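The values are calculated or read from the model by the stated rules, or taken from the named source; none is laboratory data. This is a predicted model, so every value here is computed, not measured. Please note: Cβ atoms are built from the backbone with ideal geometry, for glycine as well, and neighbour counts cover all protein chains shown.
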Amino acid sequence: MALSLYDISVANYVQTLGAVAGFLDKGAAHCASEGMDPGELVETRLVADMMPLRFQIVSVAHHSLGALKGAQAGVFKPPASGDELDYAGLQALVSETSQQLQDYDRATVDALEGKDMVFELGANKLPFVAENFILSFSLPNFYFHATTAYDILRHKGVPLGKRDFMGQMRMKG
């Protein structure tokens, strides 16, 4: 079986976004049971020079749905800050991102293969073809930010385990 661009992008994004939604739900439940303001989680960083949970979740959305939109448009840029999003807003962002990804059809995504695109970071422009962008830039960033969000919640006492990170696996049958 050959893997398609859809298989390596949308299917993986949706699986992990489901996991992110689940651990954000557990974070909200933890806040409710501990009398903690969820806003405290939104601003939590693992270390002072690392971006907070809010940025991690915005980046998860940006490096999944935003990556596909960038491949379609031929240009990908860093995400907006998301500073206006509270905890519930982050949960909604994950849900909306997952739904929009599920609305992509396989043929549309697979048609991006070989398409030229550029990652623009200020004056720097890094050239890619869509599948190399997804494999070497988008997916590593997506998983980095999902993992960091998970780690922030664990750091704040949210009872999470490895299974929470894995999401719904795509098993046979």
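Overview of results
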{"item": "Answer residue from segment 126-173, given it is in contact with a Gly (Cβ under 6 Å, 6 or more places away or on another chain) and at pLDDT 95 or above and is surrounded by the fewest Cβ atoms within 10 Å (Cβ to Cβ) among those", "result": "Val129"}
{"item": "Failed condition for His62, given (1) surrounded by fewer than 21 Cβ atoms within 10 Å (Cβ to Cβ); (2) closer than 17 Å to Leu101 by Cα; (3) not aliphatic (A, V, I, L, M)", "result": "(1)"}
{"item": "Which numbered condition Leu112 fails, given (1) under 13 Å from the mean Cα position of the chain (by Cα); (2) buried (at least 18 other Cβ atoms within 10 Å of the Cβ); (3) of a type outside the set (Val, Ile, Thr); (4) assigned to a loop (DSSP other than H, G, I, E, B)", "result": "(1)"}
{"item": "Test: residue in segment 15-37 that is surrounded by 15 or more Cβ atoms within 10 Å (Cβ to Cβ), modelled with pLDDT of 95 or more, within 30 Å of Val118 (Cβ to Cβ) and of a type in the set (A, V, I, L, M, F, W, C)", "result": "yes"}
{"item": "Contacts under 9 angstrom Cβ, first residue in segment 36-53 being in a loop (DSSP other than H, G, I, E, B), partner surrounded by 15 or more Cβ atoms within 10 Å (Cβ to Cβ) and of a type in the set (Lys, Arg), 6 or more apart", "result": "Met36/Lys156; Glu43/Arg54; Thr44/Lys156; Met51/Arg45; Pro52/Arg45"}
{"item": "Among (1) buried (at least 16 other Cβ atoms within 10 Å of the Cβ); (2) modelled with pLDDT under 95; (3) in a helix (DSSP H, G or I) - the single one Gly82 does not satisfy", "result": "(3)"}
{"item": "Near pairs, Cβ below 9 angstrom, 6+ apart or cross-chain, from segment 1-16 (touching a residue at least 40 places away in the same chain (Cβ under 8 Å) and at negative phi) to any residue that is of a type in the set (Lys, Arg) and not in a helix (DSSP H, G or I)", "result": "Ala11/Arg170; Gln15/Arg170"}
